[in-house]
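K.L.:
Have a look at this one before I ask anything.
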Amino acid sequence: MFAAEREVLIEAAEQARAALDAGPDAARRALHELVDVFVDFLEDRPETTALWLRRWLEPQRHAELDQRYADPLYRLVAELLTAAAAAGALAEPTPHITVRSLVWATHGHVVALAAGAPGARERREFRAFVHRLLDGLYGSSTP
């Protein structure tokens, strides 16, 4: 599961990093695409969220799982946000908070879907929400 998630996120992060040279609008569009990749991955594989929820029930037990699996992906995206800020594409003083907030919001969304929230409508509304969130953080762009 981790290998599949890592693969899609690394590819999307590389595309976003390449977009930094194209200016702020291209960088923000690439961030929208990165979030879409992450949301799609978790919506298509809700068992990923179920595994993390099980792990999070006992935060002190198996903490090495965070270090081994979650932290590298969090750092990947936080470093991308830091690079985007350095390139003048956005202002991001706390990339680790942004990453963690989006991750938790997305896992919460997947739980709502699993609990019976209306599927297609809920998916569209959540997607629109994360795009508005990004636009609010980093300025308006067309996703």
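The values are calculated or read from the model by the stated rules, or taken from the named source; none is laboratory data. Bear in mind the structure is a predicted one, so any value in this text is a computation, not a measurement. Reconstructed Cβ throughout: ideal geometry from the backbone, glycine too, with neighbour counts over all protein chains shown. Quick note on the areas: whole protein, heavy atoms, side chains included, nothing else; ligands and nucleic acids left out. Shrake-Rupley method; radii C 1.70, N 1.55, O 1.52, S 1.80 Å.
K.L.:
Of everything in region 123-140, what is crowded, with 17+ Cβ neighbours inside 10 Å and free of Cβ contacts under 8 Å to residues at least 12 places away in the same chain? Give them in sequence order. Walk me through how you get there before you give the answer.
P.N.:
First, pick out the residues of region 123-140 that are crowded, with 17+ Cβ neighbours inside 10 Å: 126-127, 130-131, 134, 138.
Hits for region 123-140: nothing passes.
K.L.:
Farther than 22 Å from Val8 by Cβ, more than 16 Å from the chain's Cα centre (by Cα) and in a helix (DSSP H, G or I) - does that describe any residue in region 65-86? Steps first, answer last, please.
P.N.:
Within region 65-86, the first condition is being farther than 22 Å from Val8 by Cβ, and the residues that meet it are 85-86.
With the extra rule that they be more than 16 Å from the chain's Cα centre (by Cα), the set shrinks to 85-86.
Right, trim to in a helix (DSSP H, G or I) and you get 85-86.
Yes, that holds for at least one residue.
K.L.:
Still on this structure, please answer the following. Please verify whether region 38-59 includes one or more residues that are part of a loop (DSSP other than H, G, I, E, B) and closer than 22 Å to Ala19 by Cβ. Walk me through it before giving the result.
P.N.:
As a first pass, look at region 38-59 and keep what is part of a loop (DSSP other than H, G, I, E, B): 45, 57-59.
Pick out the ones that are also closer than 22 Å to Ala19 by Cβ and you get none.
Within region 38-59, none of the residues are part of a loop (DSSP other than H, G, I, E, B) and closer than 22 Å to Ala19 by Cβ.
K.L.:
In region 88-122, how many residues are touching a residue at least 24 places away in the same chain (Cβ under 8 Å), of a type outside the set (Asp, Glu), open to solvent by less than 60 Å² (accessible area, probe 1.4 Å) and assigned to a loop (DSSP other than H, G, I, E, B)?
P.N.:
The number of residues fulfilling the criteria is 3.
K.L.:
Moving to a separate point now. I'm trying to understand the selection: among the residues of region 52-69, which are without any contact (Cβ under 8 Å) to a residue 24 or more places away in the chain, open to solvent by less than 70 Å² (accessible area, probe 1.4 Å) and not acidic (Asp, Glu)?
P.N.:
Arg55, Trp56, Ala63, Leu65 - these are the residues of region 52-69 that are without any contact (Cβ under 8 Å) to a residue 24 or more places away in the chain, open to solvent by less than 70 Å² (accessible area, probe 1.4 Å) and not acidic (Asp, Glu).
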